[in-house]
Amino acid sequence: MRIHRGGVKGIRHPAVGDLTVSYESMTVDSDAGLILTVYSAEPDSLSEKALRRLADWAATVEGEQSTQAATG
């Protein structure tokens, strides 16, 4: 199996549309076969703004679920 260690990927997300992200993959020495991949978007790009919208949405949903569990 060949692993690409880094590059650029295009991703189509159903909520925010097309994203362009850079990625870097690295092995984790403490666990054989484990690979960590980090994705990032260019600062001030449409992709970064879309990722921030997703993060805000995820935080809102998580907060709502926590509130419901506490009052539930």
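The values are calculated or read from the model by the stated rules, or taken from the named source; none is laboratory data. Bear in mind that the values here come from a model prediction, so they are computed numbers and not experimental data. When we count neighbours, we look across all protein chains shown, and the Cβ atoms used for this are built from the backbone with ideal geometry, even at glycine. These area figures cover heavy atoms from the full protein model, side chains too; ligands, DNA and RNA do not enter into them. Shrake-Rupley method; radii C 1.70, N 1.55, O 1.52, S 1.80 Å.
Considering the range 1-28, and only residues there that are loosely packed, with under 11 Cβ neighbours inside 10 Å and among the β-branched types (Val, Ile, Thr), the residue that is modelled with the highest pLDDT turns out to be Val8. Scanning the range 29-61 for residues that are open to solvent by 100 Å² or more (accessible area, probe 1.4 Å), closer than 18 Å to Gly6 by Cβ and either touching a Pro at 6+ places or on another chain (Cβ under 9 Å) or not in a loop (DSSP other than H, G, I, E, B) (or both) yields one hit, Tyr39.
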